[in-house]
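The values are calculated or read from the model by the stated rules, or taken from the named source; none is laboratory data. Since the structure is predicted, the reported quantities are computational estimates derived from the model, not experimental observations. Heads up, the Cβs are rebuilt from the backbone with ideal geometry, glycines too, and the neighbour counts pull from every protein chain shown.
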Amino acid sequence: MRLLEAGRPVRQRPLSVLRSHCIAWIDSVRPAPMKQPGILAVAVLGLIASPAAAQGKASYTPILQSGITAGGASIAYPKTDSAEVTAMVIDIGPGGETGRHMHPYPTFVYVLEGAINVEMDGGVVHSYKAGDSFLEVVKTWHNGKNKGTTRAKVLVVFAGVHGKPNLVRPQ
């Protein structure tokens with residue numbers, strides 16, 4: 001790596017020379033000794049304690065780790081140079097449904113509120129409630145339904161390809 005100073009290359013110097021220049025510069029800008037060293041200790045302690053305190057304010061709850069879809073098939077990511085992740089929240093009213101569709105790529109689903117049934121061709125039905133997550137079936141026709149009396153909200157994350165549909169409807 002070439003360093004530049006005012007648009008000109010800087011001559012590279014041995015590390016020992018650079019170290020001595022740095023020490024000399026630090027000595028030249030160092031403030032006078034503090035009369036209250038306790039202030040420095042409090043400042044340093046604050047810098048050290050802040051990250052530790054912040055760590056206590058976060059918790060991590062695994063939602064899903066799987067390589068298998070709800071239909072039992074292994075997932076495979078699209079082979080492309082233009083991968084794209086799309087996330088959306090789907091709001092399904094009581095008695096509503098997504099309509100029959102399929103996904104050409106892996107799709108993560110997390111039920112935020114309410115409950116849904118996912119009915120696949122062949123009659124298999126999977127039921128999910130708030131807090132449940134799953135990998136949607138790939139290249140399999142299915143329909144999500146809310147058979148409950150309250151709204152269902154579902155977070156859907158597609159691992160797809162830019163410019164290609166994440167959801168296909170029958171023609």
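Pick out the one residue from A70, A87, A32 that is in a loop (DSSP other than H, G, I, E, B), modelled with pLDDT of 90 or more and not aromatic (F, W, Y).
On the way: A87 fails: in a loop (DSSP other than H, G, I, E, B); A32 fails: modelled with pLDDT of 90 or more.
Residue meeting the stated conditions: A70.
Answer yes or no: is there a residue in region 96-117 that is touching a residue at least 60 places away in the same chain (Cβ under 8 Å) and hydroxyl-bearing (S, T, Y).
So the first thing to find is which residues in region 96-117 are touching a residue at least 60 places away in the same chain (Cβ under 8 Å), and the list is 99-105.
So of that shortlist, the ones also hydroxyl-bearing (S, T, Y) come out as 105.
Yes, region 96-117 contains at least one residue that is touching a residue at least 60 places away in the same chain (Cβ under 8 Å) and hydroxyl-bearing (S, T, Y).
Can you say whether L64 is modelled with pLDDT of 90 or more, surrounded by 10 or more Cβ atoms within 10 Å (Cβ to Cβ), under 24 Å from the mean Cα position of the chain (by Cα) and not in a strand (DSSP E or B), as far as the supplied structure shows?
Details: modelled with pLDDT of 90 or more: yes; surrounded by 10 or more Cβ atoms within 10 Å (Cβ to Cβ): yes; under 24 Å from the mean Cα position of the chain (by Cα): yes; not in a strand (DSSP E or B): yes.
Answer is yes for this residue.
Which one of I39, I92 is surrounded by 10 or more Cβ atoms within 10 Å (Cβ to Cβ) and modelled with pLDDT of 90 or more? Break it down into steps so the answer makes sense when it comes.
Values: I39 fails: modelled with pLDDT of 90 or more.
After applying the criteria, what remains is I92.
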